[in-house]
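Enquirer: Below is the structure I would like to discuss, written out as structure tokens.
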Amino acid sequence: MTSKQESAVNKNKLDHDFAQKYKADFPILNQQINGKDLVYFDNAATTQKPEAVLEAVNNYNRTINANPHRGAHTLSVRATEAYENARAKVSNFINAEKAEEIIFTRNTTESLNLLANSLEAVVEEGDEILISVLEHHSNILPWQQLAERKNLNLKFLYPDQSYRIPLSELKEKLTDKTKILSISQMSNVSGVINPVKEMAELAHQKDALVVVDGAQGAPHIKTDVRDLNADFYAFSGHKMLAPMGIGVLYGKKDLLEELPPFLKGGGMIEYVKEQGSTYAPLPEKFEAGTPNVEGAVGLQAAIEYLEEIGLDKIKEHELELTAYALEKMKQLDYVEIAGPLNLENRGGIISFNIKDVHSHDLATIVDSEGIAIRSGHHCAQPLMNYYQINSTGRISFYLYNTKAEVDRFLEALEKVREVFGYGS
């Protein structure tokens with residue numbers, strides 16, 4: 001065996017050892033689907049939860065459960081401490097300047113809707129909002145509706161042949177009327193990572209506010225919101241090992257203090273009179289009603305788990321898998337990849353089609369082999385229309401996936417061809 005071959009063998013072993021070390025922490029992965037060991041490649045939609053997260057949520061419900069901020073009894077005090085400890089952990093995770101800059105929501109979608117409603121106070125007829133055609137519907141619809149309500153101009157940025165938004169496109173479309181730039185950190189279709197720091201710098205030169213959709217970024221990229229200089233940053237817990245129903249909106253304190261709240265009710269008030277009310281300070285101002293404390297506790301546990309491993313190591317592992325899968329898929333003449341074929345500024349997401357096979361049929365057949373992938377338009381119909389694609393299959397990696405699972409997936413693609421009578 002040559003030294004190059006030995007290096008490849010050792011690298012494959014390291015890949016296997018890395019994933020196997022942590023895969024055992026995820027009970028749901030230790031099962032069979034249709035008689036086959038589960039391969040879970042739908043991480044861009046939702047990730048699975050390790051024992052540490054399951055135990056944290058279970059312990060909260062068994063020993064603490066109570067309304068925070070609402071009572072003087074012991075359980076309420078403990079619930080408040082748990083909730084605020086989670087807020088502090090999230091703040092440190094993205095390097096916010098102050099914990100009160102962290103607003104808990106249900107998910108990225110709610111965070112962006114909150115912003116689109118509250119930012120209505122800072123725009124006027126004729127102003128412009130810039131978004132990209134790469135965006136998830138959650139980062140399109142709220143801005144569409146704001147534009148309709150206030151008679152604003154909604155403008156789109158378009159990618160070049162590398163599937164990326166060139167900075168020249170942003171420079172061309174930024175004007176003195178641009179008030180908001182809302183951009184995804186990573187595309188949920190192509191895996192492309194946008195240069196959001198540089199984009200923010202350009203937008204701020206026009207005094208525009210910068211919103212970053214970090215739903216795909218936060219779970220995989222070590223993110224420093226102060227370094228990015230994002231005015232607002234949104235992400236979801238369920239895409240980074242935490243429970244569903246817990247999300248985050250980061251905002252610079254001075255901006256959040258100026259904006260009106262989106263939801264109104266218990267918990268976000270200072271005084272309520274018959275003919276008027278005053279609002280509580282941050283962050284309660286934006287957290288009306290009983291919050292999802294168990295979700296926040298689960299998110300804290302998920303962040304601690306990820307930090308113990310190291311996001312840099314996780315990203316390296318994901319890119320190893322992506323490079324491996326891309327190289328194999330490029331060799332199959334019946335596979336059409338909808339995204340960049342290199343690793344430059346991209347994450348572990350690959351969208352693709354099998355020639356003459358609908359993506360839903362593709363997903364159903366590989367599911368019969370115990371492999372979970374995504375299919376459809378991925379809540380990104382404008383991007384699909386731009387590329388004249390109806391839908392794609394999508395695989396997306398996380399820390400518990402292996403090259404052996406990629407090999408099983410590739411074998412399943414051969415079965416897809418056979419089912420449709422194309423042979424191998």
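Enquirer: Quickly run through the range 13-70 and pick out the residues that are out of contact with any helix residue (DSSP H, G or I) (no Cβ under 9 Å at 6 or more places or on another chain) and surrounded by 15 or more Cβ atoms within 10 Å (Cβ to Cβ).
Expert: Listed by number, the list holds a single entry, Asp42.
Enquirer: Can you tell me which residues in the range 292-335 are touching a residue at least 60 places away in the same chain (Cβ under 8 Å) and basic (Lys, Arg)?
Expert: Lys313, Lys315, Lys328
Enquirer: Please verify whether the range 403-415 includes one or more residues that are outside any helix (DSSP H, G or I) and either surrounded by 18 or more Cβ atoms within 10 Å (Cβ to Cβ) or of a type outside the set (A, V, I, L, M) (or both).
Expert: As a first pass, look at the range 403-415 and keep what is outside any helix (DSSP H, G or I): none.
So far as the range 403-415 goes, no, none of its residues is outside any helix (DSSP H, G or I) and either surrounded by 18 or more Cβ atoms within 10 Å (Cβ to Cβ) or of a type outside the set (A, V, I, L, M) (or both).
Enquirer: Filter the range 336-359 for residues that are part of a loop (DSSP other than H, G, I, E, B) and charged (D, E, K, R) and give the result.
Expert: Glu344, Lys355, Asp356
Enquirer: Might you check whether a residue that is of a type in the set (A, V, I, L, M), under 26 Å from Lys239 (Cα atoms) and touching a Ser or Thr at 6+ places or on another chain (Cβ under 7 Å) occurs anywhere in the range 160-168?
Expert: yes
Per-residue answers, yes or no, for (1) within 21 Å of Ala86 (Cβ to Cβ); (2) in a helix (DSSP H, G or I):
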| residue | (1), (2) |
| --- | --- |
| His204 | no, yes |
| Val210 | no, no |
| His238 | yes, yes |
| Tyr250 | yes, no |
| Leu255 | no, yes |
| Gly267 | yes, no |
| Glu270 | no, no |
| Gly295 | yes, yes |
| Gly298 | yes, yes |
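Enquirer: If we keep just the residues of the range 387-416 that are among the basic types (Lys, Arg) and under 20 Å from Gln32 (Cβ atoms), which is modelled with the highest pLDDT?
Expert: Arg408
Enquirer: Kindly check whether there is at least one residue in the range 110-120 that is without any contact (Cβ under 8 Å) to a residue 40 or more places away in the chain and either under 27 Å from Leu263 (Cβ atoms) or surrounded by fewer than 20 Cβ atoms within 10 Å (Cβ to Cβ) (or both).
Expert: For the range 110-120, residues without any contact (Cβ under 8 Å) to a residue 40 or more places away in the chain and either under 27 Å from Leu263 (Cβ atoms) or surrounded by fewer than 20 Cβ atoms within 10 Å (Cβ to Cβ) (or both): present.
Enquirer: Condition test on Glu84, is it acidic (Asp, Glu), surrounded by fewer than 20 Cβ atoms within 10 Å (Cβ to Cβ) and in the same structural domain as Ala280 (by TED's automatic domain parsing)?
Expert: Yes.
Enquirer: Here is a follow-up. Name the pairs: first residue in the range 128-151 and assigned by TED's automatic domain parsing to the domain that holds Pro166, second residue among the aromatic types (Phe, Trp, Tyr) and crowded, with 21+ Cβ neighbours inside 10 Å, Cβ to Cβ under 8 Å, at least 6 apart or on different chains?
Expert: What qualifies is Ile129/Trp143; Ile131/Trp143.
Residue-by-condition table, conditions (1) farther than 22 Å from Pro243 by Cβ; (2) crowded, with 16+ Cβ neighbours inside 10 Å; (3) in the same structural domain as Leu241 (by TED's automatic domain parsing):
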position: Thr278; (1), (2), (3): yes, no, yes
position: Pro281; (1), (2), (3): yes, no, yes
position: Lys285; (1), (2), (3): yes, yes, yes
position: Val297; (1), (2), (3): no, yes, yes
position: Asp312; (1), (2), (3): yes, no, no
position: Thr322; (1), (2), (3): yes, yes, no
position: Leu326; (1), (2), (3): yes, yes, no
position: Asp333; (1), (2), (3): yes, no, no
position: Leu341; (1), (2), (3): yes, no, no
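Enquirer: A follow-up question, please. In the range 343-368, what residues are polar (S, T, N, Q), without any contact (Cβ under 8 Å) to a residue 60 or more places away in the chain and buried (at least 17 other Cβ atoms within 10 Å of the Cβ)?
Expert: Across the range 343-368, the qualifying residues are Asn353, Ser359.
Enquirer: A further question follows. Going through the range 170-185 one residue at a time, which ones are assigned to a loop (DSSP other than H, G, I, E, B) and free of Cβ contacts under 8 Å to residues at least 24 places away in the same chain?
Expert: Going through the range 170-185, the residues assigned to a loop (DSSP other than H, G, I, E, B) turn out to be 174-177, 185.
Within the range 170-185, no residue meets the criteria.
Enquirer: Here is a further query. Go through the range 374-424 and report how many residues are in contact with a His (Cβ under 9 Å, 6 or more places away or on another chain), under 22 Å from Phe26 (Cα atoms) and among the polar types (S, T, N, Q).
Expert: 2
Enquirer: Return yes when Ser184 is crowded, with 22+ Cβ neighbours inside 10 Å, of a type in the set (Gly, Ala, Ser) and at pLDDT 95 or above and no when it is not. Step through it out loud before you land on a result.
Expert: Details: crowded, with 22+ Cβ neighbours inside 10 Å: yes; of a type in the set (Gly, Ala, Ser): yes; at pLDDT 95 or above: yes.
It is true that Ser184 is crowded, with 22+ Cβ neighbours inside 10 Å, of a type in the set (Gly, Ala, Ser) and at pLDDT 95 or above.
Enquirer: Are there any pairs, at least 6 apart or on different chains, whose C-beta atoms fall under 8 Å, with the first in the range 271-291 and among the hydrophobic types (A, V, I, L, M, F, W, C) and the second assigned to a strand (DSSP E or B) and modelled with pLDDT under 90, and if so, which?
Expert: Ala280/Ile269; Ala280/Glu270
Enquirer: Quick check, is Val189 more than 24 Å from Glu128 (Cα to Cα) and not assigned by TED's automatic domain parsing to the domain that holds Lys315?
Expert: Yes, satisfied.
Enquirer: State all residues of the range 370-402 that are surrounded by fewer than 17 Cβ atoms within 10 Å (Cβ to Cβ) and closer than 30 Å to Ile309 by Cα; if no residue qualifies, say none.
Expert: Ala372, the sole residue that qualifies.
The values are calculated or read from the model by the stated rules, or taken from the named source; none is laboratory data. What you see is a predicted model; the values in this text were computed from it and never measured. Heads up, the Cβs are rebuilt from the backbone with ideal geometry, glycines too, and the neighbour counts pull from every protein chain shown.
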